[in-house]
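Here's the structure we're looking at; comments come further down.
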Amino acid sequence: MEQPVQTETWKARSLEELVRILHQIFAEDKVSVDEVQALMESYESNPEEWLQYAKFDQYRYTRNLVDNGNGKFNLMILCWGEGHGSSIHDHTDSHCFMKILQGNLKETLFEWPEKKGNGEMTKKSERVLRENQCAYINDSIGLHRVENISHTEPAVSLHLYSPPFDTCNTFDQRTGHKHKVTMTFYSQYGERTVCVSTRRDAPH
Amino acid sequence: LPAGLSQWFPALEVLDVSGTGLAEMGAELLSLPCLHTLLAKNNRLGGPGSLPKGLGQAPLARSLRVLNLSGNRFAEVPPAVLRLRGLRSLSLGGNRLHGIPPDIQELQSLEFLYLGGNFITAIPPELAKLPSLRYLVLCDNKIQSIPPQLAQLHSLRSLSLHNNLLTYLPREILNLVHLEELSLRGNPLVVRFVRDLTYNPPSLQELAGRTVKTRNVPYAPSDLPESLVRYLSLASNCPNPKCGGVYFDSCVRQIKFVDFCGKYRLPLMHYLCSPECSSPFSSASQSSTSQSESDSEDEASVAAHRMQKVLLG
């Protein structure tokens, strides 16, 4: 993605409109990260519009596909029960936008481990994202862990990945060792999709 | 709770009074025979009148399935809760609990127990007597060790232990065959090989017991006092695969690193029957990595097969 000549200032007044504008933006050759982030942030979360995608699992967070962006991006909703969190992971050379629709999520950034590294990974920073805020990350920025640290409130987030990817690496915080995992969807377009494999390694 | 609640809504099944500033829930609850879900999170409950007297005798005690008291001020698990025999799901996250009562084992139908975000320092072994428990959350507490009895939680699918004070885990954790999720990040897990040199030599009774067991000396209940028969039944097998020995009370505690799924190394506490059993590790002070890796191969294959996923920091 590069900066185009003109950056539009979008206002998405509904989830449907957000998806429509995203399709418009991604139809172009060049897409601006700032533009997408501002667009995502402009949408004021309205649970009525996304409740059908918000399917929670008792044991871990879920990934629920909302739109497959004509192959240019994946838009999905993640549901985090109390205490649910992801492992530390990368983003397979893709852009990742994460907007909070409900509750709060803590994002902890980590440095990439050294090639020969065999020690504790270095924390760069952490922050708690509030409702409607939108964060951005890609591999050149670093790695992150996302977690719902609330013991009383579930959290829901809206994620956009471009280009779409279904594998990434998870990292052991104490050693920096990485391990490739495949990600799956808990539901697609509002329908529960049951996976054959019992391996559920995914971060997001 | 408003008076007359049970008169207006006698068939009430779900009651959500979360975030209403409630400091007590009174007798109105007792006359709701169909209530199966009670959500009272984010209130001011925790004091004496929080739950009505006589809860154990009310129809509620048998009908209630889900109770959420997270985000309140409970300093202990209210004894009244332990009488809710039909309870499947209990949440006391984000309270002020300092411990878990052994009587938690009364909740025999419990499948989901959320105790994250308290000040719990220890786990009673009685917690392991919950045969249907599938999801146990103990994250964000002050827990220093996990009792090995927790391995008896055969139904456990998910165990959340992150952000505690654990330095190692009992090796019995490998016995949790259905465990799919285990979170351990934010614990001061030992990263170096640690050898515990404290070893109480076995008593004569123990030595005799070991001999009876390892030499298969036959005995019948009529041959021995009942107390000794019972003692012999408590023999534990030495987990060292190269040793066929048993031990009773006297054992060597040692931390051994086990690879899970070929990618994570967890420090597990092993109980070995004698210092001789620990000799594979004796030269491990400098080359702990290579030694414990080769010794943990058989453990690792077992662990990899059983532990499907480990969520580690």
* Where B:Leu133 falls short, out of the listed (1) within 13 Å of another protein chain (Cβ to nearest Cβ); (2) over 21 Å from A:Ile149 (Cα atoms); (3) surrounded by fewer than 21 Cβ atoms within 10 Å (Cβ to Cβ) -> (3)
* **Count of the stretch A:145-161 residues which are under 28 Å from A:Glu35 (Cβ atoms) and within 13 Å of chain B (Cβ to nearest Cβ)** => 2
* **Criterion violated by B:Phe119 - all others in (1) within 13 Å of chain A (Cβ to nearest Cβ); (2) surrounded by fewer than 23 Cβ atoms within 10 Å (Cβ to Cβ); (3) under 20 Å from A:His84 (Cβ atoms) satisfied** => (3)
* Is one or more of the residues making up the stretch B:157-168 touching a helix residue (DSSP H, G or I) at 6+ places or on another chain (Cβ under 9 Å), free of Cβ contacts under 8 Å to residues at least 60 places away in the same chain and within 11 Å of chain A (Cβ to nearest Cβ)? -> yes
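If you take the residues of the stretch A:62-105 that are assigned to a loop (DSSP other than H, G, I, E, B) and within 11 Å of chain B (Cβ to nearest Cβ), which of them is surrounded by the most Cβ atoms within 10 Å (Cβ to Cβ)? Quick ask: steps written out before the conclusion?
Residues of the stretch A:62-105 assigned to a loop (DSSP other than H, G, I, E, B): A:68, A:72-73, A:81-84, A:86-87, A:90-94, A:103-104.
Now restrict to residues that are within 11 Å of chain B (Cβ to nearest Cβ): A:81-84, A:86-87.
Values: A:Gly81: 20, A:Glu82: 26, A:Gly83: 24, A:His84: 28, A:Ser86: 21, A:Ser87: 26.
Here the residue is A:His84.
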* State all residues of the stretch B:41-66 that are outside any loop (DSSP other than H, G, I, E, B), surrounded by 21 or more Cβ atoms within 10 Å (Cβ to Cβ) and in contact with a strand residue (DSSP E or B) (Cβ under 7 Å, 6 or more places away or on another chain); if no residue qualifies, say none. => none
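Among the residues of the stretch A:129-161, which ones are more than 12 Å from the chain's Cα centre (by Cα), in contact (Cβ under 8 Å) with a residue 24 or more places away in the chain and either part of a strand (DSSP E or B) or closer than 21 Å to A:Phe73 by Cα (or both)? Lay out the reasoning, then the answer.
Of the stretch A:129-161, the ones more than 12 Å from the chain's Cα centre (by Cα) are A:129-133, A:139-143, A:148-155.
Filter once more, so that each one left must be in contact (Cβ under 8 Å) with a residue 24 or more places away in the chain: A:129-133, A:139, A:141-143, A:148-155.
A:Leu129, A:Asn132, A:Gln133, A:Asp139, A:Ile141, A:Gly142, A:Leu143, A:Ala155 - these are the residues of the stretch A:129-161 that are more than 12 Å from the chain's Cα centre (by Cα), in contact (Cβ under 8 Å) with a residue 24 or more places away in the chain and either part of a strand (DSSP E or B) or closer than 21 Å to A:Phe73 by Cα (or both).
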* Name, by its number, the condition in (1) crowded, with 16+ Cβ neighbours inside 10 Å; (2) in a loop (DSSP other than H, G, I, E, B); (3) touching a helix residue (DSSP H, G or I) at 6+ places or on another chain (Cβ under 8 Å) that does not hold for B:Phe74. => (3)
* Does B:Leu84 count as within 12 Å of chain A (Cβ to nearest Cβ), touching a Leu at 6+ places or on another chain (Cβ under 7 Å) and not hydroxyl-bearing (Ser, Thr, Tyr)? -> no
* Residue by residue through the stretch A:162-189, note down the ones that are in contact (Cβ under 8 Å) with a residue 60 or more places away in the chain and away from chain B (no Cβ under 14 Å). => A:Ser162, A:Pro163, A:Pro164, A:Phe165, A:Thr167, A:Cys168, A:Phe185, A:Tyr186, A:Ser187, A:Gln188, A:Tyr189
* To do: Could you give me the residue pairs with C-beta distances under 8 Å whose first residue belongs to the stretch A:26-55 and is of a type in the set (S, T, N, Q), whose second residue is in a helix (DSSP H, G or I) wherever it lies, and which are 6+ apart or on separate chains?
  => A:Asn46/A:Leu15
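Every number here is computed from the coordinates shown, using simple stated rules; none is lab data. Because the structure is a prediction, the values reported are computed rather than measured. Counting neighbours? That spans all protein chains shown, and the Cβs are built from the backbone with ideal geometry, glycine included.
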